[in-house]
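S.K.: Take this structure first; my questions come after.
A short reminder: the numbers here are calculations on the coordinates, not readings from a lab. Predicted model only: the values in this text are computed from it and were never measured. Cβ placement follows ideal geometry from the backbone for every residue including glycine, while neighbour counts extend to all protein chains displayed.
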Amino acid sequence: MQRYFIPAEQFFEDYVLIAGDDAHHLARVMRAEEGDRVIVSDGLAREALVEIREIAKDRVRAEIVERLPMDREPNVEVWIAQSLPKGDKMETVIQKATEIGAARFVPFVSERTVVQLDAKKEGKRVERWQKIAKEAAEQAHRNRVPAVDSPCDWKALLALAQEMDAAWICYEKESGSQLKPALRKLLSGESGEGARKKIMLIVGPEGGFSETEVAKAEAAGCLPVSLGKRILRTETAAMVGLTCILYETGEMGGD
């Protein structure tokens, strides 16, 4: 069944309004008719099965049939901090990690990042990334759409990392710390029972992190971790790390 995220102000007591691109998609692409049912969510606290009552040029009015539970989000909040990769790889990271269950994306520029930021294009780029996250969240039947931040520098990222319950930097030269024991240690902490932990997974560019960057990250409280013996592409590392975290927390059949 089709799912759409709509602004909270379009979600009323007995009905909802679907407007803009979503209304166009319903009417023109899906060729919806009165009586068809879809699922809508405000991405915050309300989700419902609705039945279409009116299809206009720029909006669709639908009656609420049943309120639905908001129970599809992971029990840990994982932020993906991704050094800007070349080409359209960032779009791939956002799309696939949203499907898997990422809560937020923090693009950043590090020492070996090849991509050059263009301030004039940044707004449109972030807007496109956010649209990709929305579409992926709808496809995966998420309750919420992950936020996509504007790109930041290394210093700003480390400041943000200090606000998390844990921040792990994927470092291919790290042989001592593994992701699994780091996660289990975090979840077994004094405040772990019943608390929704916030974890940041930091992934470097195609050329990896410099030793200086890793040292600064450790000084800021980040823990370098390995994702195994094989060297992963930058767009693969985030998806592998995120999947491992959600598996270990029971979101994908783990214990």
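S.K.: Work out how far the C-alpha atoms of segment 3-67 reach from end to end along every principal axis, then list the three figures in whole Å, largest first.
M.R.: So the three principal-axis extents are 29, 20, 16 Å.
S.K.: Order 39-47, 92-100 from most to least packed using the mean count of other Cβ atoms within 10 Å. The partial results should precede the final answer.
M.R.: On the way: 39-47: 18.9, 92-100: 21.2.
Those peptides, ordered most packed to least, come out 92-100, 39-47.
S.K.: Would you work out the relative contact order for the chain, in percent, from Cα pairs under 8 angstrom that are 6 or more residues apart? Working shown, then result.
M.R.: Numbers: 477 pairs, mean separation 51.5, N = 255.
Relative contact order, the chain: 20 percent.
S.K.: First measure r as the distance between the Cβ atoms of Ala8 and Gln162, then evaluate 1/(1 + (r/R0)^6) with R0 = 25 Å and state the FRET efficiency to the nearest 0.05.
M.R.: Details: r = 31 Å, r/R0 = 1.24.
Given R0 = 25 Å and the Cβ-Cβ separation, E is 0.20.
S.K.: By its C-alpha gyration tensor, with a ≥ b ≥ c as the square roots of the eigenvalues, how is the chain shaped: rounded for a/c under 1.5, else prolate for a/b larger than b/c, else oblate?
M.R.: prolate
S.K.: How would you order 70-83, 115-128, 209-222 from highest to lowest mean count of nearby Cβ atoms within 10 Å? Walk me through the numbers before you get to the answer.
M.R.: Working: 70-83: 20.1, 115-128: 11.6, 209-222: 15.7.
Listed from highest to lowest mean packing, they are 70-83, 209-222, 115-128.
S.K.: HN-Hα J couplings of segment 231-247 from phi, Karplus 6.51/-1.76/1.60, θ = phi - 60°, integer Hz, Gly and Pro as x?
M.R.: Going residue by residue, I get 8, 9, 5, 4, 6, 8, 4, 4, 5, 5, x, 4, 4, 4, 4, 5, 5 Hz, with x marking Gly and Pro.
S.K.: Per residue of segment 148-162, what does 6.51 cos²θ - 1.76 cosθ + 1.60 with θ = phi - 60° give for ³J(HN,Hα)? Whole Hz please, x for Gly and Pro, Karplus curve as stated.
M.R.: Listing the rounded values in order: 10, 6, 6, x, 10, 8, 5, 5, 5, 5, 5, 5, 5, 4, 5 Hz.
S.K.: Another question, then. How would you classify segment 200-255 from its alpha-carbon gyration tensor, with a ≥ b ≥ c the square roots of the eigenvalues: rounded for a/c under 1.5, else prolate if a/b is greater than b/c, otherwise oblate?
M.R.: On the way: a/c = 2.76, a/b = 1.60, b/c = 1.73.
Because a/c hits 1.5 or more and a/b fails to exceed b/c, segment 200-255 counts as oblate.
S.K.: Considering the options Leu227, Ala97, Val126, tell which one lies farthest towards the positive end of the dipole of the chain, charges being +1 on Lys and Arg and -1 on Asp and Glu at the Cβ, about the Cα centre.
M.R.: Toward the positive end, the furthest listed residue is Leu227.
S.K.: Please list, by residue number, everything in segment 113-129 whose backbone N is under 19 Å from a paramagnetic label point 7 Å out along Cα→Cβ of Ile231.
M.R.: Once the point is set 7 Å along Cα→Cβ of Ile231, 113-115 turn out to lie under 19 Å by backbone N, inside segment 113-129.
S.K.: Measure off 7 Å from each Cα along the Cα-to-Cβ vector at Lys155 and Tyr15, then give the distance between these two points in nanometres to one decimal.
M.R.: Those two pseudo-labels are separated by 5.4 nm.
S.K.: Shifting gears a bit: When the helix-only estimate is applied to the chain (DSSP H runs of n ≥ 4, each -39,500 (n - 2.57), divided by the residue count), what is the mean residue ellipticity at 222 nm, nearest 500 deg cm²/dmol? Walk me through the intermediate numbers first.
M.R.: Values: 7 runs with 79 residues, N = 255.
Calculated mean residue ellipticity at 222 nm is -9500 deg cm²/dmol.
S.K.: Sticking with this one: A 28 angstrom limit on the alpha carbon distance is what I want to check against. Which of Lys131/Lys197; Lys86/Lys131; Lys96/Lys198; Lys86/Lys197; Lys134/Lys229; Lys89/Lys121 exceed it? Don't jump to the answer; show the numbers that get you there.
M.R.: Numbers: Lys131/Lys197 26 Å; Lys86/Lys131 19 Å; Lys96/Lys198 20 Å; Lys86/Lys197 31 Å; Lys134/Lys229 34 Å; Lys89/Lys121 17 Å.
In this structure, Lys86/Lys197; Lys134/Lys229 lie more than 28 Å apart at Cα.
S.K.: Please get the size of the charge dipole for the chain, origin at its Cα centre, with Cβ charges of +1 on Lys and Arg and -1 on Asp and Glu, quoted in debye to the nearest 20.
M.R.: Working: 37 positive and 43 negative charges, 150 e Å.
In debye, rounded to 20, the chain gives about 720.
S.K.: Rounded, prolate or oblate: which fits segment 138-247 when a ≥ b ≥ c are the square roots of the eigenvalues of the alpha-carbon gyration tensor, with rounded for a/c under 1.5 and prolate only if a/b beats b/c? Let's see the in-between values first.
M.R.: Details: a/c = 1.29, a/b = 1.17, b/c = 1.10.
In terms of gyration-tensor shape, rounded.
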